[in-house]
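Everything below concerns the one structure shown next.
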Amino acid sequence: MNYLYYLFVVLGFLAVVLFLEGLYLAWNTYKGPEARRIERRLQAMSAGGSYKAASLVKQRLLAKTKGMEHFLLKIPRVHQLDRLLVQAGLGLSVASFMSVTLLAIVCGLVLAWFIHFPSLVVIAIGLAAGFIPLIYAQAAKHKRMRVIEQQLPDALDFMARAMLAGHAFPSALQMVGTEMPEPIAAEFRIVFDEINYGISTQEALGNLAIRVPSTDLRYFVIAVLIQRETGGNLAELLGNISNLVRARLKLLGTVRVLSAEGKMSGWVLTLLPFALGTVLQIVNPNFLSVLWTDPLGIKMAGFALIMMLVGIVVMWRITKIRV
């Protein structure tokens, strides 16, 4: 009797352990790191847009529910928004991004109503708040592209050394995707995976140029495509492109340092009136009410906004120097 009791205890323990292991394996299959990595790769491949099989993946990744997916597909240029999210590296679907946008609009409306702004100003603030996620995505995209541009010379040198050591071009791509840091490693892994999936090298590099809208990376893509047509020493060509990119980044860094003061002045002059107006509205709501109750105040406020917009455009053009 005692032996049966101990046997049941051992079997029960094994059953619980196997059950927990089964739950973990099921979770790891659908939500684990490997599954997330494959999902990110498929989503990034869908942003290329030049391969028909990838476009099907992109349509499935716009939203998790079919109803929301069909609704999003009716929106013009929704795939450009999906491409922006992939380029920014945010890991959000279009449906999630629109949910964040709606939440920002609601928060803007509630905040403006709490400060006791007039109705038109409340609506304007709510609409302006809706652009905050888009502005953040654009900023994240530019930051990620800047990091990729800084990593590109080292990646090209790595590929050149790998090819001088006897590796083929796809193998060099795989080595960059394995050894280099993110985010450039992920982009080169995608190119290697697309080539392995049967996409031609020309289309895979074209998708890379679409996912990473960088002038320096387009130099690399064009040079590789021309070399495949005409022949030549690709390792030496990659080394020359790497030196060219480094020289351009050095000059660009100098220009950014010299124009940083003008950009900071532009930000201060742009945000200071709105910040001061918000503080005055909170402290004394009747002080600024003349700007939207008196006809002359409305004209003055409109003229001030137009002049501020002109000043923002002028300062942006002055401080934006292309290298």
In segment 184-205, is there at least one residue being of a type in the set (Asp, Glu), buried (at least 20 other Cβ atoms within 10 Å of the Cβ) and in contact with a Lys or Arg (Cβ under 7 Å, 6 or more places away or on another chain)?
yes
Would you list the helices (runs of 4 or more DSSP H) that sit entirely within segment 97-190 and hold 1 or more residues that are farther than 30 Å from VAL279 by Cα?
132-164, 169-179
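Kindly evaluate ARG248 against the criterion of being touching a residue at least 40 places away in the same chain (Cβ under 8 Å), under 26 Å from the mean Cα position of the chain (by Cα) and in a helix (DSSP H, G or I).
Working: touching a residue at least 40 places away in the same chain (Cβ under 8 Å): yes; under 26 Å from the mean Cα position of the chain (by Cα): yes; in a helix (DSSP H, G or I): yes.
Yes, satisfied.
Among the listed residues LEU309, LEU252, LEU234, LEU269, which satisfies the condition of being loosely packed, with under 13 Cβ neighbours inside 10 Å and of a type in the set (A, V, I, L, M, F, W, C)?
Details: LEU252 fails: loosely packed, with under 13 Cβ neighbours inside 10 Å; LEU234 fails: loosely packed, with under 13 Cβ neighbours inside 10 Å; LEU269 fails: loosely packed, with under 13 Cβ neighbours inside 10 Å.
Going through LEU309, LEU252, LEU234, LEU269 in turn, the sole match is LEU309.
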Hey, ASN243 touching a Ser or Thr at 6+ places or on another chain (Cβ under 7 Å) and either β-branched (Val, Ile, Thr) or in a helix (DSSP H, G or I) (or both) or not
no
So which of SER200, SER259, SER214 ends up being of a type outside the set (D, E, K, R) and farther than 28 Å from LEU85 by Cα?
SER259
Could you say whether any residue in segment 231-242 is aliphatic (A, V, I, L, M) and within 28 Å of the chain's Cα centre (by Cα)?
yes
Could you check how many residues of segment 287-310 are within 29 Å of the chain's Cα centre (by Cα) and in contact (Cβ under 8 Å) with a residue 40 or more places away in the chain?
0
Is it the case that ILE199 is touching a residue at least 40 places away in the same chain (Cβ under 8 Å) and either among the charged types (D, E, K, R) or in contact with an Asp or Glu (Cβ under 8 Å, 6 or more places away or on another chain) (or both)?
no
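No lab work stands behind these numbers, since they all come straight from the coordinates. As the structure is a prediction and not an experimental result, all values here were calculated from the model. In this analysis, Cβ positions are derived from the backbone assuming ideal geometry, glycine residues included, and neighbour counts consider all displayed protein chains.
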